Amino acid sequence: MDKRFIPLLMTIGFSIILIITAVIAAIFGFPVIALDEAHISIASFDYWTIGHLLVGIALFVFCFTIGFIIKNLPNNPGDPLTAPDFKKLLIYWVITLVVAGLWEIIENTLLFFVSVKDKFDSAPNIITDIVIWGIGGLVSWYMTDLMFLSQKYIRAYYIYGTINLITGLIMFIVFGFITTNF
């Protein structure tokens, strides 16, 4: 199997984890989607979920960019750029997941104790947040890999990133407004 399809297969696997988490949460009486302010951080999905997806996308792109710059620094200006290999992309994705886990720990300990948060996240919310970060990283991984298939995809890569950012911010604002004002 072509290694380019591994991030897509992993995305499918992570989506299945999301569905299973939501079903188990519903069985135990947790709301699946936060439709009002009381369910934020308790439901599997709330308006912060979009933010976690965007951060997963951005963090992977950041890790990739730093790694790519460091890897290509020794090249002379006329030398072709070295395409990323599978292991490096996997490492950037693992970094995204580790940071997601660390963020959830910080969010539910330090931020709670300094009164930035007023309640702990539920287990289904924590799981879906980390999985969503991972999905964001996988989508970025696939798009980064696609960019190196052909020079004609480079423009599509930047268009994809811009559209993701704009759409995500609009959705974040709209869902946040709906959740907290209705």
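The rows are residues; the columns are (1) of a type outside the set (Gly, Ala, Ser); (2) modelled with pLDDT of 90 or more; (3) not in a loop (DSSP other than H, G, I, E, B).
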site	(1), (2), (3)
Ile16	yes, yes, yes
Phe68	yes, no, yes
Lys71	yes, no, yes
Val98	yes, yes, yes
Ile105	yes, yes, yes
Phe112	yes, no, yes
Phe120	yes, no, no
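Can you tell me how many residues within segment 1-16 are under 15 Å from Thr128 (Cα atoms) and without any contact (Cβ under 8 Å) to a residue 60 or more places away in the chain?
Adding up the residues that qualify gives 3.
Quick one: in segment 19-54, which of the residues that are of a type in the set (A, V, I, L, M, F, W, C), in a helix (DSSP H, G or I) and surrounded by fewer than 18 Cβ atoms within 10 Å (Cβ to Cβ) is nearest to the chain's Cα centre (by Cα)?
Checked segment 19-54; the qualifying residue nearest to the chain's Cα centre (by Cα) is Ile19.
Has segment 156-176 got any residue that is at pLDDT 70 or above, surrounded by 16 or more Cβ atoms within 10 Å (Cβ to Cβ), of a type in the set (A, V, I, L, M) and in a helix (DSSP H, G or I)?
Within segment 156-176, one or more residues are at pLDDT 70 or above, surrounded by 16 or more Cβ atoms within 10 Å (Cβ to Cβ), of a type in the set (A, V, I, L, M) and in a helix (DSSP H, G or I).
List the pairs whose first member sits in segment 17-44 and is free of Cβ contacts under 8 Å to residues at least 60 places away in the same chain and more than 16 Å from Phe120 (Cα to Cα), whose second member is small (Gly, Ala, Ser) and surrounded by fewer than 17 Cβ atoms within 10 Å (Cβ to Cβ), and whose Cβ atoms are under 8 Å apart, counting only residues at least 6 apart or on separate chains?
Between residues of segment 17-44 that are free of Cβ contacts under 8 Å to residues at least 60 places away in the same chain and more than 16 Å from Phe120 (Cα to Cα) and residues that are small (Gly, Ala, Ser) and surrounded by fewer than 17 Cβ atoms within 10 Å (Cβ to Cβ), the close pairs are Val32/Ala26.
Taking the stated definitions as given, is Asp2 surrounded by fewer than 20 Cβ atoms within 10 Å (Cβ to Cβ), modelled with pLDDT under 90 and closer than 25 Å to Ile173 by Cα?
Answer is no for this residue.
Which condition number in (1) more than 16 Å from Val139 (Cα to Cα); (2) touching a Leu at 6+ places or on another chain (Cβ under 8 Å) is the one that Met10 fails?
(1)
Which condition breaks for Thr82 when tested against (1) modelled with pLDDT under 80; (2) in a helix (DSSP H, G or I)?
Unmet condition: (2).
When you check Ile57 against the structure, is it in contact (Cβ under 8 Å) with a residue 60 or more places away in the chain, more than 17 Å from Asp145 (Cβ to Cβ), surrounded by 18 or more Cβ atoms within 10 Å (Cβ to Cβ) and in contact with a Gly (Cβ under 8 Å, 6 or more places away or on another chain), yes or no?
Judged against the criteria, Ile57 is not a match.
The values are calculated or read from the model by the stated rules, or taken from the named source; none is laboratory data. Predicted model, so just to flag it, every value in this text is computed and none were measured. Here Cβ is always computed from backbone atoms with ideal geometry, including for glycine, and neighbour counts include all displayed protein chains.
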